Amino acid sequence: MHSHHSHSGDYVAHATDTLEGIADRAIEMGFETFCLTEHMPRIDSKFLYPEEIEQNYGIETLETNFDKFYHHARRLQKEKIKSGCKTHFLVGLEVEGIDEAHIEFAAQILEKYDIDMTVGSVHFVKQIPIDFNRENWELAKDRCGGIRGLFKEYFELQYKVLTKLKPLVVGHFDLIRLFSDDDDLDETTGLTLGQIELVQDWPEIWDLITRNLIFINSYGGIIEFNSAAIRKGWKTPYPKMDICQAVIQYCGSRFCLSDDSHAIAQVGLNYHKVKEYVNELKLKKLLYLDFDSASGKIEIKEKPVDDFNSSEFWSQYSQ
């Protein structure tokens, strides 16, 4: 089993538990690949979150914490390789796609640190966090002139992350939907969000989505099934079904698994529901990252869904 996206309380204010504890849980559960992907630092104090302000974080704190994370994760990785651990740990980072300045800063970080892989994410639109709470999501929506404009800005910014950084894993592809509601009214069509079919009702948004997916496919990126959506109230992981069908059509069915864990209890959380989703989509394969022990290079490997379904991993979940 695999997860390509995780965090720990050692290095970010909104997570709990230690990096070592998270890693130990991944080993205990029998993960084959587990990626340690802390958030990259931000470059302006106006982007600090409330919990960071409460803990007296500054921009320097974020930079120091990321540096500490990187070296800690590398030590952990080397120790596990030396001990013959069956779980392979990859050291990465999650991009903060806030604006073009942060995307450029991410590129500088990738030049400075020898990173195994990146998770390319967008958490802000118009410099406002869109996955923190409904209030901020609505503020971003208003800044964009409505829901349709909000989605447009999100997928345009995502494209900038993709084209500049070419992240191997694309994080929570449709995170913009997290705080949306089916009853939200789109004034451009007179339809509620629950009634909207992207292909026919928002064709220009659908064009952005398919453009992004075609580009991801062109450089060999992977879309994560991110199970964190389920613990946040969704019935499915990110992305939703319409996006998944587009991934199948435009991105070669290039999916991987991520738990986006922020605590020991969230490692592998709701993976059995992701399994149901994978089978509902009738996928034949899943992709995952691994490293070649001889060369140290990162490789993309395939896992047949038949093998995925029959894994002993599932015995620890009550169906």
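Each reported figure results from applying straightforward, stated rules to the coordinates on display, with no laboratory input. A quick note: this is a predicted structure, and the numbers were derived from the prediction, not measured. Note that we place each Cβ from the backbone using ideal geometry, even for glycine, and neighbour counts take in every protein chain shown.
Can you list residues whose amide H is under 5 Å from residue 94's amide H, if they're 5+ apart or on another chain and H is modeled 1.01 Å from N?
Amide H neighbours of residue 94: 38, 39, 40, 119.
Starting from the Cα gyration tensor of region 1-160, multiply each eigenvalue by 5, take the square root, and state the resulting semi-axes largest first in whole Å.
After diagonalising the Cα gyration tensor, the semi-axes are 30, 17, 15 Å.
Could you please tell me the mean projected area of the C-alpha convex hull for region 181-235, averaged over all directions and given in square nanometres to one decimal?
4.9
Using a 7 Å offset from the Cα along the Cα-to-Cβ direction at both residue 317 and residue 195, what is the distance between the two label points in nm, to one decimal?
3.6
Please give the charge dipole size of region 1-142, origin at the Cα centre, charges +1 on K and R Cβ atoms and -1 on D and E Cβ atoms. Round to the nearest 20 debye.
Value, rounded to 20: 520 debye.
Would you order 24, 116, 292, 44 from fewest to most other beta-carbon atoms within 10 Å of each residue's own beta-carbon?
Ascending Cβ contact count within 10 Å gives the list 292, 44, 24, 116.
Region 2-317: Rg/Rh from Cα coordinates, Kirkwood Rh?
Here Rg/Rh amounts to 0.95.
Please state the charge dipole magnitude for region 223-319, taken about the Cα centre, from unit charges on C-beta atoms (+1 on K and R, -1 on D and E), reported in debye and rounded to the nearest 20.
320
Among 17, 259, rank each residue by its count of other Cβ atoms within 10 Å, from fewest to most, as a rough exposure measure.
Ordered from fewest to most neighbouring Cβ atoms within 10 Å, 17, 259 come out as 17, 259.
Please label the shape of region 91-233 as rounded, prolate or oblate, based on the square roots a ≥ b ≥ c of the eigenvalues of the alpha-carbon gyration tensor (a/c under 1.5 means rounded; beyond that, a/b larger than b/c means prolate, else oblate).
Prolate shape, in that a/c is at least 1.5 and a/b is the bigger ratio.
Let me check I've understood the local charge: for residue 132, count other residues with C-beta under 12 angstrom from its C-beta, Lys and Arg +1, Asp and Glu -1. What total comes out?
Neighbour charge sum, excluding residue 132 itself: -3.
Residue by residue, what Karplus-based ³J(HN,Hα) values in Hz, rounded to whole numbers, does region 173-182 have, using 6.51, -1.76 and 1.60 with θ = phi - 60° and x for Gly and Pro?
3, 10, 4, 4, 8, 3, 9, 7, 9, 4
What residue among 218, 180, 261 shows peak mean-square fluctuation when the chain is described by a Gaussian network model with Cα springs under 10 Å?
Fluctuation is largest for 218.
Tell me the Kirkwood radius of region 256-319: reciprocal of the mean inverse pair distance over distinct alpha-carbon atoms, in Å.
That comes to 13.3 Å for region 256-319.
Not counting the cut sites, what is the longest span of the chain without GluC sites (Glu not before Pro) that DSSP labels loop and that have at most 15 other Cβ atoms within 10 Å?
1-186
Where both partners of a DSSP beta bridge lie in the chain, what percent of those bridges are antiparallel, to the nearest 5?
Taking every DSSP beta bridge within the chain, about 35 percent pair in antiparallel fashion.
Mind running the shape call on region 84-127? Use the C-alpha gyration tensor, a ≥ b ≥ c as the square roots of the eigenvalues: rounded below 1.5 for a/c, prolate if a/b tops b/c, oblate otherwise.
Oblate shape, in that a/c is at least 1.5 and b/c is the bigger or equal ratio.
Region 192-312: percent of C-alpha pairs farther apart than 19 Å?
Cα-Cα pairs of region 192-312 separated by over 19 Å account for 54 percent.
Compute the signed sum of charges (Lys and Arg +1, Asp and Glu -1) over the other residues within less than 10 Å, Cβ to Cβ, of residue 144.
+3
Counting only residues 5 or more places away or on other chains, whose amide H sits under 5 Å from the amide H of residue 3 once H atoms are built in the peptide plane?
Sorted by chain and number, the residues that satisfy this are 33, 34, 35.
Quick check on the exposure proxy: order 117, 40 from fewest to most C-beta atoms within 10 angstrom.
By the 10 Å Cβ count, ascending, the order reads 117, 40.
Rounded to the nearest Å, what's the spacing between the alpha carbon centres of region 35-81 and region 209-224? Just the number, please.
Region 35-81 and region 209-224 have Cα centres separated by 28 Å.
Would you please state which residues of region 98-130 a label at residue 81 would reach in this model, taking the label point 7 Å out along Cα→Cβ and a backbone N cut-off of under 18 Å?
Answer for region 98-130: 113-118.
Picking from 151, 103, 125, whose Cα lies most toward the positive end of the charge dipole for region 89-185 (charges on Cβ: Lys, Arg +1; Asp, Glu -1)?
103
Taking Cα pairs under 8 Å and at least six residues apart, what relative contact order does region 2-317 come out at, in percent?
18
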